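Contents: one structure, followed by commentary.
The values are calculated or read from the model by the stated rules, or taken from the named source; none is laboratory data. Because the structure is a prediction, the values reported are computed rather than measured. Counting neighbours? That spans all protein chains shown, and the Cβs are built from the backbone with ideal geometry, glycine included.
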Amino acid sequence: MPDTQPEQRPVSSDSIVVGHDGSGYADHAVAVALDLARQLRAPVVLVRAWSIDTAPRPANWEFGYVSSIEEYADAVRTELVEAVMAEVAKHPDVKVEYRAIYASPLNSLVDASRGARMLVVGSRGRGGLSGMLLGSVSEQCVRHAKCPVLVVRPNT
C-alpha cells in the first residue's frame, strides 16, 4: 500500500472524524456525529478504508483492463457519498469531507484522528462476531486513536 496519499493529509483540529464501513452501525455513527457537529459547529471528515478486495469496481472497469489505485479510490469515495447522502442532506449547515483511504480500517482511522477533535465509530462493523459488545476496529480505536473516541451503539 502507498505510504503517502492526499487522503492522509491532517484534518483540522476542530474536525470530527467518522469511520464508515457500509454497515448499519456506521450509518448510526454518522447520524450521531453529524448531530454533534451541528451543535459544535465542527466540520466532519467521513473516512472509508478500503483494499482491492473490498473496493467496488471503478466506473470504467472492463475485463482485461487494470484500473489504477486512483480509479478504485474514486469508486470507493462515490460509494461512501451515496451511502451517507440522505443523512448528510439533513445537516446542510455541516461541512462534510469524504476520504477513501487505501489502508486497513484501524490504521486509516488512527491516522485520520491525529489532531482531530474527536473520532466517532460504530460499536460494531461488518465483522462476523456479532455477539461481542465491541467490534475489533472500534475496540482498537479506543486504545490507539490520538484524540477522544465516541463509540456509538444503536438505539435498541
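Among the residues here, LYS146 does not qualify as surrounded by fewer than 21 Cβ atoms within 10 Å (Cβ to Cβ) and modelled with pLDDT of 95 or more. Look through segment 62-76, keep the residues that are among the β-branched types (Val, Ile, Thr) and at pLDDT 80 or above, and return whichever of them is surrounded by the most Cβ atoms within 10 Å (Cβ to Cβ). By that ranking, first place goes to VAL76. In the set ASN107, ASN155, only one residue is surrounded by fewer than 19 Cβ atoms within 10 Å (Cβ to Cβ) and either in contact with a strand residue (DSSP E or B) (Cβ under 7 Å, 6 or more places away or on another chain) or at pLDDT below 90 (or both); that residue is ASN155.
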